[in-house]
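Below is one structure, written out as structure tokens; comments come after it.
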Amino acid sequence: MSNHFTGLSLGPPLGDQRLDLCDLYAFLSPRDPSRTVIILNANPNADPLHPDAIYRLNIDNDGDLLTDIAFSYVFSTPQDGKQTVSVFVAKGAEARSAEAVGTKIIADAAVSFGGVPNIVKSGAYTFFAGARSDAFFFDYDGIKALFDTSAGNNFTALHVSGQSPWTGVDSNLEANVFSSVIELPTSELGASPEIRIWGRCSVRRDGKLMHVDRAGHPSVSSFFNTDETKLEFNASEPVNDRQRWTDQFVHLMGHTGNYTREEAIAAIDAERLLPDVMTFDPSKPAQYPNGRVFTDDVINHRLALLSKGEIPPTGLKPHTDVLTQFPYLGTPHRPS
């Protein structure tokens, strides 16, 4: 979910940018097609992540929407502008624990906040964590012009006219993000033929882990939730999505695209929006909704769905500073 804006208040989980999951990507390595890259971005301020949080990649490879492989990222308390990260991998029933459990494959690796990435290798895994240039592109002012968010509306009152709402300005052109990148043999994922991936951020409060954000499809939570529902949505599990959230999605699509209930459910099914997990079949080219790559215009994709094709494309172009080698996202921009 391109969660650079979340619900009507446009605020991060618990008011803390460190807990805000921004984007999820999955694709084959351009250098080695036998390896898969999964990127989970957080914190649009691109500064240290929360030391009491667990940032998690959940992977289901048998279709039951329960985690079969979990990669957990745990960060130290920042000191003097520095931070370290440890990475755990858990498989099978152990992967369903909310805690950072399993085998510690990386211990106390330095997080990168400068231009030179600290790339860590551990067996078959390659990992990076730190500030990078954000590849997500969108026209934020144009999005705000499309919707009436006054009087408690949340991206439901759609303004579609003969005049394009788009400004032509990429609001994220010089933005950074905190990125965690892992590359591993595709065979280890056990795709048959596809996997389902979702990100999770949990923070410890009063000794217990509280699920505060999750990432699956880009731009889903941002558009489909309200301030009243986003906390529950972010804390819930994909296995329950279909039953819990279908009516809310149908209701919104009735407002934004004049969908009937039957049309909305058919569109949700065609897009595989519920459950809110990213699917990736590594035997097919990666392009959203099969995984996601940096050139995918996910805002155009989502708005076309919401409006039943009435909203014109933004005309924006993908960022040109991405890399063809690990860690794939470009060098972070210097503060202006």
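Does Phe155 satisfy the condition of being at pLDDT below 95 and open to solvent by less than 20 Å² (accessible area, probe 1.4 Å)?
yes
Any idea which residue in segment 206-234 is nearest to Tyr288 (Cα to Cα), counting only those that are in a strand (DSSP E or B) and either among the acidic types (Asp, Glu) or in contact (Cβ under 8 Å) with a residue 24 or more places away in the chain (or both)?
Out of the qualifying residues, it is Ala215.
Would you pick out the residues in segment 263-289 that are open to solvent by less than 10 Å² (accessible area, probe 1.4 Å) and in a strand (DSSP E or B)?
Listed by number, the residues that qualify are Met278, Phe280.
Have a look at Ile299, Ile311 and point out the one that is among the aliphatic types (A, V, I, L, M) and over 20 Å from the mean Cα position of the chain (by Cα).
From the options Ile299, Ile311, the qualifying one is Ile311.
Residue pairs, Cβ under 8 Å, 6 or more apart or interchain, first in segment 300-314 and free of Cβ contacts under 8 Å to residues at least 60 places away in the same chain, second open to solvent by less than 50 Å² (accessible area, probe 1.4 Å) and β-branched (Val, Ile, Thr). List them.
From segment 300-314, the pairs are Asn300/Thr314; Ala304/Ile311.
Got a sec? Which strands (runs of 3 or more DSSP E) wholly within segment 90-133 have at least 1 residues that are free of Cβ contacts under 8 Å to residues at least 24 places away in the same chain and open to solvent by less than 40 Å² (accessible area, probe 1.4 Å)?
In segment 90-133, the matching strands (runs of 3 or more DSSP E) lie at 103-110, 120-122.
Any residue in segment 78-85 that is closer than 21 Å to Val120 by Cα, assigned to a loop (DSSP other than H, G, I, E, B) and at pLDDT below 95?
yes
Which residue is nearest to the chain's Cα centre (by Cα), if the candidates are limited to segment 30-57 and must be among the polar types (S, T, N, Q) and open to solvent by 10 Å² or more (accessible area, probe 1.4 Å)?
Only one residue fits best here, namely Asn45.
Are any residues in segment 46-77 touching a strand residue (DSSP E or B) at 6+ places or on another chain (Cβ under 6 Å), outside any strand (DSSP E or B) and of a type in the set (Asp, Glu), and if so, which ones?
Passing the criteria: Asp52, Asp68.
Does Thr260 satisfy being open to solvent by 60 Å² or more (accessible area, probe 1.4 Å) and either of a type outside the set (Ser, Thr, Tyr) or within 16 Å of the chain's Cα centre (by Cα) (or both)?
When the stated conditions are applied, Thr260 does not pass them.
Could you run through segment 290-307 and say how many residues are in a loop (DSSP other than H, G, I, E, B) and at pLDDT below 95?
Of the residues in that region, 0 qualify.
Out of Val111, Val116, Val74, report the one residue that is at pLDDT 95 or above and more than 25 Å from Trp198 (Cβ to Cβ).
Just one listed residue meets the conditions, Val116.
From the list Leu8, Leu28, Leu40, pick out the single residue that is at pLDDT below 95, out of contact with any Cys (no Cβ under 6 Å at 6 or more places or on another chain), within 30 Å of Asp139 (Cβ to Cβ) and of a type in the set (A, V, I, L, M).
Matching residue, one of Leu8, Leu28, Leu40: Leu8.
Name the one entry in Glu188, Glu183 that is closer than 29 Å to Tyr125 by Cβ, out of contact with any Pro (no Cβ under 8 Å at 6 or more places or on another chain) and in a strand (DSSP E or B).
Sole residue among the options that is closer than 29 Å to Tyr125 by Cβ, out of contact with any Pro (no Cβ under 8 Å at 6 or more places or on another chain) and in a strand (DSSP E or B): Glu183.
Can you say whether His255 is part of a helix (DSSP H, G or I) and without any contact (Cβ under 8 Å) to a residue 12 or more places away in the chain, as far as the supplied structure shows?
Taking the combined requirement at face value, the residue does not satisfy it.
Give segment 298-330 a look and list any residue that's touching a Phe, Trp or Tyr at 6+ places or on another chain (Cβ under 9 Å) and open to solvent by 40 Å² or more (accessible area, probe 1.4 Å), or say none.
Within segment 298-330, His301, Lys308, Pro312, Pro313, Gly315, Lys317, Pro318, Val322 qualify.
The values are calculated or read from the model by the stated rules, or taken from the named source; none is laboratory data. Predicted, not measured: the structure shown is a model, and the values here were computed from it. Counting neighbours? That spans all protein chains shown, and the Cβs are built from the backbone with ideal geometry, glycine included. Surface accessibility is based on the protein's heavy atoms, side chains included, excluding ligands, DNA and RNA. Shrake-Rupley method; radii C 1.70, N 1.55, O 1.52, S 1.80 Å.
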